[in-house]
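Asker: Okay, handing you the structure first.
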Amino acid sequence: MNFISKSFLSNKLLPLVALGTSAIMMATSAQALDIKQDQVNNCVATAVKLKVADNATAKKFCGCTVNVRSKMTLGQMWEIESYAQSGKDPSTLPYAKTMQKDLQQCGNGLKLNSPQKPKA
């Protein structure tokens, strides 16, 4: 089952992308590498915890998705936020559509499961 759905990307991922990108934009280049790696590490930990993928698959998937997200400009982030705050669907923006395609390709050829709640 493909972990990335269109509604997940437009409703859940794009706002998270905007928040994560703002932290990267404010960092120096040396810090940005650490932040980018932290993003990958957090993604991997979450994917493994929710049994979306094993560690190796999660590293491939998360590395790809973080790389795609890191290419968003500050202006694009602001435009997405403006759309969301005004009730418009940010997934209709041309670069958001491209980013969604790129994010979906990150999962191609990988075995990704639906997220499962961890046992308490």
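Asker: Which condition breaks for Asn108 when tested against (1) open to solvent by 70 Å² or more (accessible area, probe 1.4 Å); (2) more than 18 Å from Cys43 (Cα to Cα)?
Answerer: If we test Asn108 against (1) open to solvent by 70 Å² or more (accessible area, probe 1.4 Å); (2) more than 18 Å from Cys43 (Cα to Cα), just (2) comes out false.
Asker: Residue by residue through the stretch 40-81, note down the ones that are open to solvent by 70 Å² or more (accessible area, probe 1.4 Å) and either over 16 Å from the mean Cα position of the chain (by Cα) or among the β-branched types (Val, Ile, Thr) (or both).
Answerer: If the condition is that a residue be open to solvent by 70 Å² or more (accessible area, probe 1.4 Å) and either over 16 Å from the mean Cα position of the chain (by Cα) or among the β-branched types (Val, Ile, Thr) (or both), then Thr46, Lys49, Lys51, Asp54, Asn55, Trp78, Glu79 are the ones that fit.
Asker: Please go through the stretch 82-97 and pick out each residue that is among the hydroxyl-bearing types (Ser, Thr, Tyr) and either touching a Cys at 6+ places or on another chain (Cβ under 8 Å) or open to solvent by less than 40 Å² (accessible area, probe 1.4 Å) (or both).
Answerer: Ser91
Asker: Here is a list of conditions, (1) in a helix (DSSP H, G or I); (2) at pLDDT 95 or above; (3) more than 24 Å from Asp34 (Cβ to Cβ), and Thr57 meets all of them except one; can you say which number that is?
Answerer: Answer for Thr57: the failing condition is (3).
Asker: Additional query: State which residue pairs qualify: first residue under 20 Å from Asn113 (Cβ atoms) and inside the stretch 29-47, second residue open to solvent by less than 90 Å² (accessible area, probe 1.4 Å) and at pLDDT 90 or above in any location, beta carbons under 6 Å apart, and separation of 6 or more residues or different chains.
Answerer: From residues that are under 20 Å from Asn113 (Cβ atoms), the pairs are Val40/Cys62; Val40/Gly63; Val40/Val66; Cys43/Cys62; Val44/Ala58; Val44/Cys62; Ala47/Ala53; Ala47/Ala58.
Asker: Another question, if that's okay. Mind listing whichever residues of the stretch 51-96 are on the phi > 0 side of the Ramachandran plot and free of Cβ contacts under 8 Å to residues at least 12 places away in the same chain?
Answerer: Listed by number, the list holds a single entry, Gly87.
The values are calculated or read from the model by the stated rules, or taken from the named source; none is laboratory data. Note that the structure is a prediction, hence the values are computed from the model and not measured. Note: ideal-geometry Cβ built from the backbone for every residue, glycine included; neighbour counts use all protein chains shown. When the accessible area is computed, the model is the full protein with side chains, heavy atoms only, and any ligands, DNA or RNA have been set aside. Shrake-Rupley method; radii C 1.70, N 1.55, O 1.52, S 1.80 Å.
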